[in-house]
Amino acid sequence: MARKAAYRKKRQNRFGMFLVSIAVIMMLVVVAFKSVELRAKKEAYHQKELALKEQIEAEEERAVEIEEYEKYTQTKKYIEEVARDKLGLVYEGEILFKDED
């Protein structure tokens, strides 16, 4: 009887190890799939980050242009251009020639 009990214990050990091995393999498969998903998300976020950095650079350049334009609008030259183009003003004694169109 001792032999049957030892044989049964050995067989139960093998079956237990088989079940544990199956569980470990299943966990490895799940981890592998999640790893692939996370890498894809990481790449997508990296692309998004690069796009946002480019957008930030473009907006910074635009801000510089706006500051330069603001400085230009405060000059006498700009005021004269607006007065001539939009208001049609001229200096005293200045003669304007217009097309007959």
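The values are calculated or read from the model by the stated rules, or taken from the named source; none is laboratory data. Source: prediction; values computed, not measured. Don't worry about glycine lacking a Cβ; one is built from the backbone with ideal geometry, like all the others, and counts go over all protein chains shown. Note: areas computed on protein heavy atoms with side chains; ligands, DNA, RNA excluded. Shrake-Rupley method; radii C 1.70, N 1.55, O 1.52, S 1.80 Å.
Remark: pairs (first residue in the stretch 81-101, part of a loop (DSSP other than H, G, I, E, B); second residue open to solvent by 90 Å² or more (accessible area, probe 1.4 Å); Cβ separation under 9 Å; 6+ apart in sequence or on different chains) = GLY88/LEU96; VAL90/ARG84; VAL90/LEU96.
Scanning the stretch 60-80 for residues that are at pLDDT below 90 and among the hydroxyl-bearing types (Ser, Thr, Tyr) turns up nothing.
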